[in-house]
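The values are calculated or read from the model by the stated rules, or taken from the named source; none is laboratory data. These numbers come from a predicted model, not from an experiment. Counting neighbours? That spans all protein chains shown, and the Cβs are built from the backbone with ideal geometry, glycine included.
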Amino acid sequence: MPPAKLLALPPGPDSYPKGQVEIGRIRSIARFVATLLVLLITHSALAAKTDVVQLKNGDIITCEIKNLERGRLKVSTDSMGTVYIEWDDIVRLSSPEQFVVELANGRRARGSLGKAEAERQLVVQFRERQRVLDMQEVVWIDPLKLEGSITDRWDGSFSIGLDIAKANSDQSFSGTFDAKRRAEAHQLLLNGSAYLRSRDGVDDNRRITFASQYRRLLDDRWYWAGLASAERNDELGIDLRTLLGGGYGRFLTQTNKSLWSVTGGLGVVNEQRAGDQSAETNLEGVLVTDYEYFIYDSPKTSVNTTLSVFPSITDGGRVRSNLDFSGRRELVKDLFFEVSLYGTWDNRPPDEGETTDYGIVTSLGYSF
């Protein structure tokens, strides 16, 4: 019997030059990564635009629902990019994705958005249960998924003002910013402002503030709040004042046109006064009320008023307060004109400071 022929096996890795082996591995990894990216991009492109929004004029938009806040539904489309649709202009919407929906009374529902039979109804479906909501009562919608860039999850704006006069080389600069993020169980608010003025023969005047507030959202529009702020005010004789505290609050009004909240609590205040005076630390009460009114019909208009009162507990009899007001009106898309007013009062200011400080500032800003 003739001897059996042995099958020829491909040469093993050790038979190839070491450089060729490394190049082959790199190419394999590159092909795998490229294939994975193509699959992910294809899946995202196909799956993202499955939501349907029907307008009262009969138009139907296929899109990806981002969120509803302050009376505007934010959606992403293939042809128009990211657009905002006024909530009152929508008669139906549906999506297979999971959302959390909040009503004006603070109650929430979770689930996908089913097809409603009647106009101005929102069907929230979770497993076998359906809940039919009046769209007029819906004030907030947010997806439960965590996808999206930072700008998709945040809203904010900034503004800048500049005045220059030849007389006395009078120059003033003002700037403000604000940013906010709302999720199902929490809300984060950030804001800051700066006003700088210089004149020949007069000391420069600086007013700089920064504040943040974290809210842990509870049922029935209640929330726990964490507060932090820092401030400099040359007019009041304050080099640096910092506050760290907490409290409890509630949204008294929550609609698609207005928000009104009240927060009360305690704060530890460290105050570095102008000059050589040593820093002082006191315990103060905190009472803050914030009212916002917004209309997104063109031109967009919004008004915001915040009143803060701080009665001192360890420095008996001392009370200070801040009042901030701003009104905005859109000039062109996302570009607005702003008029703001600030006022500060302290019945027991530092020796080198004034009792009151106030001003009116005009500026141009951009919202994102």
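Tell me, yes or no, whether the stretch 74-88 has at least one residue that is in a strand (DSSP E or B), of a type in the set (Asp, Glu) and either out of contact with any Pro (no Cβ under 9 Å at 6 or more places or on another chain) or not assigned by TED's automatic domain parsing to the domain that holds MET135 (or both). Spell out how you get there, then give the answer.
Quick first cut of the stretch 74-88, residues in a strand (DSSP E or B) only: 74-77, 81-86.
Within this subset, residues satisfying the condition of being of a type in the set (Asp, Glu) are 86.
Filter once more, keeping what is either out of contact with any Pro (no Cβ under 9 Å at 6 or more places or on another chain) or not assigned by TED's automatic domain parsing to the domain that holds MET135 (or both): 86.
Yes, the conditions are met somewhere in the stretch 74-88.
What are the residues in the stretch 293-311 that are of a type outside the set (A, V, I, L, M) and either crowded, with 17+ Cβ neighbours inside 10 Å or in contact with a Pro (Cβ under 8 Å, 6 or more places away or on another chain) (or both), if any? Before the answer, list the steps.
Initial filter on the stretch 293-311 (of a type outside the set (A, V, I, L, M)): 293-294, 296-302, 304-306, 308, 310-311.
Residues satisfying the conditions are PHE294, TYR296, LYS300, SER302, ASN304, THR306, SER308, PHE310.
Tally up the residues in the stretch 158-182 that are surrounded by 14 or more Cβ atoms within 10 Å (Cβ to Cβ) and of a type in the set (Gly, Ala, Ser), please.
The total comes to 6.
Tell me whether the stretch 95-116 contains one or more residues that are over 27 Å from THR253 (Cα atoms) and at pLDDT below 90.
The answer is no; no qualifying residue exists.
Regarding the stretch 275-285, can at least one residue be identified that is among the aliphatic types (A, V, I, L, M) and either closer than 12 Å to TYR223 by Cβ or surrounded by 14 or more Cβ atoms within 10 Å (Cβ to Cβ) (or both)?
Initially, the stretch 275-285 is screened for residues among the aliphatic types (A, V, I, L, M), giving 279, 283.
If we keep only those that are either closer than 12 Å to TYR223 by Cβ or surrounded by 14 or more Cβ atoms within 10 Å (Cβ to Cβ) (or both) too, we end up with none.
No, there is no match, as no residue in the stretch 275-285 is among the aliphatic types (A, V, I, L, M) and either closer than 12 Å to TYR223 by Cβ or surrounded by 14 or more Cβ atoms within 10 Å (Cβ to Cβ) (or both).
Kindly establish whether SER298 is in the same structural domain as ILE238 (by TED's automatic domain parsing) and not in a strand (DSSP E or B). It would help to see each step written out before you state the result.
Working: in the same structural domain as ILE238 (by TED's automatic domain parsing): yes; not in a strand (DSSP E or B): yes.
Yes; evaluated as a whole, the condition is true for this residue.
Kindly evaluate ASN256 against the criterion of being part of a strand (DSSP E or B) and either assigned by TED's automatic domain parsing to the domain that holds LEU335 or more than 21 Å from ASP315 (Cβ to Cβ) (or both). Working first, answer last.
On the way: part of a strand (DSSP E or B): no; either assigned by TED's automatic domain parsing to the domain that holds LEU335 or more than 21 Å from ASP315 (Cβ to Cβ) (or both): yes.
No.
Would you confirm, using the coordinates I've provided, whether ASP239 is touching an Asp or Glu at 6+ places or on another chain (Cβ under 8 Å), at pLDDT below 95, surrounded by fewer than 18 Cβ atoms within 10 Å (Cβ to Cβ) and part of a strand (DSSP E or B)? Talk me through it step by step, then tell me what you get.
Working: touching an Asp or Glu at 6+ places or on another chain (Cβ under 8 Å): no; at pLDDT below 95: yes; surrounded by fewer than 18 Cβ atoms within 10 Å (Cβ to Cβ): yes; part of a strand (DSSP E or B): yes.
Spelling it out, it is not the case that ASP239 is touching an Asp or Glu at 6+ places or on another chain (Cβ under 8 Å), at pLDDT below 95, surrounded by fewer than 18 Cβ atoms within 10 Å (Cβ to Cβ) and part of a strand (DSSP E or B).
Are any of the residues in the stretch 294-310 touching an Asp or Glu at 6+ places or on another chain (Cβ under 8 Å), touching a residue at least 40 places away in the same chain (Cβ under 8 Å) and within 19 Å of THR344 (Cβ to Cβ)?
Yes: the stretch 294-310 contains one or more residues that are touching an Asp or Glu at 6+ places or on another chain (Cβ under 8 Å), touching a residue at least 40 places away in the same chain (Cβ under 8 Å) and within 19 Å of THR344 (Cβ to Cβ).
Would you point out the residue of the stretch 194-210, among those that are loosely packed, with under 15 Cβ neighbours inside 10 Å, among the charged types (D, E, K, R) and part of a strand (DSSP E or B), that is modelled with the highest pLDDT? Reasoning before the result, please.
If we filter the stretch 194-210 for residues that are loosely packed, with under 15 Cβ neighbours inside 10 Å, which is where we start, we get 200-204.
From what's left, among the charged types (D, E, K, R): 200, 203-204.
From what's left, part of a strand (DSSP E or B): 203-204.
Working: ASP203: 79, ASP204: 82.
So, considering only residues that are loosely packed, with under 15 Cβ neighbours inside 10 Å, among the charged types (D, E, K, R) and part of a strand (DSSP E or B), the one modelled with the highest pLDDT is ASP204.
Being in contact (Cβ under 8 Å) with a residue 24 or more places away in the chain, outside any strand (DSSP E or B) and surrounded by fewer than 19 Cβ atoms within 10 Å (Cβ to Cβ): is that true of GLU97 here? Steps first, answer last, please.
Working: in contact (Cβ under 8 Å) with a residue 24 or more places away in the chain: yes; outside any strand (DSSP E or B): no; surrounded by fewer than 19 Cβ atoms within 10 Å (Cβ to Cβ): yes.
No.
Quick check, is GLN213 farther than 19 Å from VAL309 by Cα and surrounded by 15 or more Cβ atoms within 10 Å (Cβ to Cβ)? Walk me through it before giving the result.
Working: farther than 19 Å from VAL309 by Cα: no; surrounded by 15 or more Cβ atoms within 10 Å (Cβ to Cβ): yes.
So GLN213 does not fit the description; no.
Could you give every pair whose Cβ atoms fall below 6 Å, whose first residue belongs to the stretch 159-184 and is in the same structural domain as TYR223 (by TED's automatic domain parsing) and β-branched (Val, Ile, Thr), and whose second residue is crowded, with 16+ Cβ neighbours inside 10 Å and at pLDDT 85 or above, counting only separations of at least 6 or pairs across chains?
ILE160/GLY175; ILE160/SER363; THR176/SER159; THR176/SER193
Working only within the stretch 117-136, note down all residues that are on the phi > 0 side of the Ramachandran plot and at pLDDT 90 or above. Show your work before the answer.
We begin by selecting, within the stretch 117-136, every residue on the phi > 0 side of the Ramachandran plot; these are 120, 127.
Across the stretch 117-136, the qualifying residue is only ARG120.
Can you report the number of residues in the stretch 324-361 which are β-branched (Val, Ile, Thr) and touching a Gly at 6+ places or on another chain (Cβ under 6 Å)? It would help to see each step written out before you state the result.
Going through the stretch 324-361, the residues β-branched (Val, Ile, Thr) turn out to be 332, 339, 344, 355-356, 360-361.
Still in the running and touching a Gly at 6+ places or on another chain (Cβ under 6 Å): 339, 361.
The qualifying residues number 2.
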